[in-house]
Amino acid sequence: MTSSSRPSLPLLDAMRPARPKAPRDPRPGLSGVAQSELERWVEGLGEPRYRARQLLDAVWRNRAASAGDLRTLPAALREMVEQQYRVDTLAATELQVSDGGLTEKALHRLSDGALIESVLMRYPARPGQRERHTLCISSQAGCAVGCPFCATGELGFERDLETAEILDQVREAARRLAADGKRLTNVVFMGMGEPLLNLDRVLSSVEALADPQRFGLGARHITVSTSGVVPGIRRLTALGPQFTLAVSLHAARDPLRDVLVPLNRRWPVAEVVDAAREHAAATGRRVSYEVTLISGVNDTDVDARALAELLRGDLAHVNLIPMNPVAHTPWEASPMDRIERFADVLLDAGIATTIRRNRGQEIGAACGQLAAARAGEPAAPAVARRRERIVAESAVALRGERSHADAPAGVGE
Ligand code: SF4
């Protein structure tokens, strides 16, 4: 999508001012607080311990959005809760709907004005397949990895999300679904940010989501993605089966992956796949590999064969995704016949492969697009320089040479 064809976002103006940033609300978000901590807190106030359970039920079963929703608590305790905690860490949420109501993109403003996004995708029941509702959530505001086909990458890194800021995206979507008598069935950490660079909070969020006393979603219905943070993958492997691991691979050749996923300059593709392979062997869980296909860049037969060789014999599943149109890149999505040909090469090599459809293109459902629209248009010379750099780097990569650029600053140190 070019900047001129970006959707207009009139309601987003109601959420101004987002900049300059406000100070962060120091009160912890309730959804990120453990039951034991809440028990200590209520007992410290002279209240019975079961009040902590009532609080958690209000947060998780009734999806409370404000202190007024904590109806089972006495008024005095509700007031104390409001002084000590935030019942909801999302200060405002703006929704955009597309695909005939099947895709809902939410832009959330946090207490300091940071903007993050989540996308709810509804999949109606089909013969042999139950109805599903999948939520894609953010783990950071912005992202330091800087993939050039991603609007979040262009925004740069702002900050890590708190556990409650991650979880409240889920509670907000669950509230919307509950209004239609529906339930969330899957959560994927594929929104803004690199989840394994905010791993402690991502892990405590997963624990809350999988906990039957809190959100109660089976761990198999949770997917955490990474662009290739090898120490993070190894840490997950040491923890044992937790959820599905998805690796955003995008290219099997280092020169090209250096350009598409700048983190590759720190952890080259063979190291990433080795770590993922160890994860599959240790957990018995198939690793999912995501490949965003960009016309004339990473969708060639050479790339398909390189990927087939890299993953041959692995416990793996490849998802091929046409690139979402993003402003300020010189690229576009691969045509469907090219994607099908790419898939055939993988399938012939015995690798399970699925072609995924893009959702919500008219509302900019690729992560970071709404936040980028809010951040304002960068100066034209900066956009021109970015395009030139991307074209030059990919030309070098397509000749099979590695670039000499450094890995993104502040990543993996
Ligand atoms: S694709 Fe993911 S890892 Fe890459 S810049 Fe965007 S959010 Fe970050």
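Every number here is computed from the coordinates shown, using simple stated rules; none is lab data. Model, not experiment: these values are computed from the prediction. Cβ placement follows ideal geometry from the backbone for every residue including glycine, while neighbour counts extend to all protein chains displayed.
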Roughly speaking, what is the centre-to-centre gap between the stretch 204-283 and the stretch 45-92 when only Cα atoms are used, to the nearest Å? 34 Å
What nm value, rounded to one decimal, do you get for the distance between Val391 and Asp69 when each label is placed 7 Å out toward the C-beta? 5.0 nm
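In the stretch 113-398, what is the volume of the convex hull around the alpha carbon atoms, normalised per residue and reported in Å³?
Working: hull volume 38.7 nm³, N = 286.
Given the Cα convex hull of the stretch 113-398, per-residue volume reads 135 Å³.
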Quick one: angle between helix 380-398 and the longest Cα principal axis of the chain, in degrees between 0 and 90, rounded to 10, please. 60 degrees
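Determine how many Å³ per residue the convex hull of the Cα atoms of the stretch 210-363 encloses.
Values: hull volume 19.4 nm³, N = 154.
Enclosed volume per residue, from the Cα hull, is 126 Å³.
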For a quick check: sort Arg359, Arg305 by the number of other beta carbons within 10 angstrom, fewest at the front. Arg305, Arg359
The stretch 118-163: GluC sites (Glu not before Pro) falling in loop per DSSP and having at most 16 other Cβ within 10 Å: Glu131
Between 0 and 90 degrees, rounded to the nearest ten: what's the tilt of helix 269-283 against the longest Cα principal axis of the chain? 50 degrees
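Kindly rank 122-130, 201-209, 173-181 from highest to lowest mean number of other beta carbons found within 10 Å of each residue.
Working: 122-130: 9.7, 201-209: 22.0, 173-181: 14.7.
Result, highest mean first: 201-209, 173-181, 122-130.
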Over the Cα atoms, compute the radius of gyration (one decimal) and Dmax (the largest Cα-Cα distance, rounded to a whole number) for the stretch 34-84, in Å. 9.8, 26
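Per the helix-only calculation at 222 nm, which mean residue ellipticity applies to the chain, given -39500 (n - 2.57) for every DSSP H run of n ≥ 4 and division by its residues, nearest 500 deg cm²/dmol? Mind showing how you got there, number by number?
On the way: 13 runs with 147 residues, N = 413.
Calculated at 222 nm, the ellipticity per residue is -11000 deg cm²/dmol.
Just want to confirm a number: the relative contact order over the chain, from Cα pairs under 8 angstrom separated by 6+ residues, in percent.
Once normalised by length, the contact order is 16 percent.
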Any idea what angle helix 75-84 forms with the longest principal axis of the chain, computed on alpha-carbon atoms, 0 to 90 degrees, nearest 10? 40 degrees
